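Below: the structure, in structure tokens.
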Amino acid sequence: MPDSGKGFVWLNGFLLGRYWDKGPQVTLYAPAPLLKTGRNSIKVLELGKPGTVVELREAPDLGPEEAGPISAAELP
């Protein structure tokens with residue numbers, strides 16, 4: 001949702017999730033069984049600044065990779 005603030009996205013009546021321009025996650029996942037042959041419905045509830053584009057991608061963008069406390073811990 002480039003140029004958008006924060007809100008929620010539904011695909012064919014199923015809540016995919018919420019988004020926020022502060023991140024870190026950039027994309028939402030749409031499971032294949034939710035997609036219909038032919039027309040699909042995407043509904044967006046924007047709570048901040050409305051954007052003009054819904055961007056569909058082939059691969060997820062989960063934000064920058066950084067070591068969290070578990071992955072950074074030294075394991076025996």
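The values are calculated or read from the model by the stated rules, or taken from the named source; none is laboratory data. Because the structure is predicted, anything quoted here is derived from the model rather than measured. With ideal geometry, Cβ positions are generated from the backbone for all residues, glycine too; neighbour counts draw on all protein chains shown. These area figures cover heavy atoms from the full protein model, side chains too; ligands, DNA and RNA do not enter into them. Shrake-Rupley method; radii C 1.70, N 1.55, O 1.52, S 1.80 Å.
As a rough guide to protection, the peptides 4-14, 40-50, 20-30, 55-65 ranked by mean Cβ packing within 10 Å, highest first, stand as 4-14, 20-30, 40-50, 55-65.
A crude spin-label estimate for the pair Val54 and Gln25, with each label 7 Å from Cα along the Cβ direction, gives 1.7 nm. Out of Leu34, Pro2, Gly13, whose Cα points farthest toward the positive end of the dipole of segment 1-66 (charges: +1 Lys, Arg; -1 Asp, Glu; placed on Cβ)? Of the listed residues, the answer is Gly13. The alpha-carbon of Lys22 sits under 23 angstrom from the alpha-carbons of these lysines, leaving out residues fewer than 8 places away in its chain: Lys6, Lys43, Lys49.
Averaged per residue, what accessible area in Å² does segment 1-53 show with a 1.4 Å probe, protein chains only? Don't skip to the answer; put the middle values down first.
Values: 4040 Å² over 53 residues.
Roughly 76 Å² per residue, with all protein chains present.
Tell me which residues come under 5 Å, amide H to amide H, from Leu16 once H is placed; ignore anything under 5 positions away on its chain. Distant-sequence amide H within range of Leu16: Val9, Trp10, Leu11.
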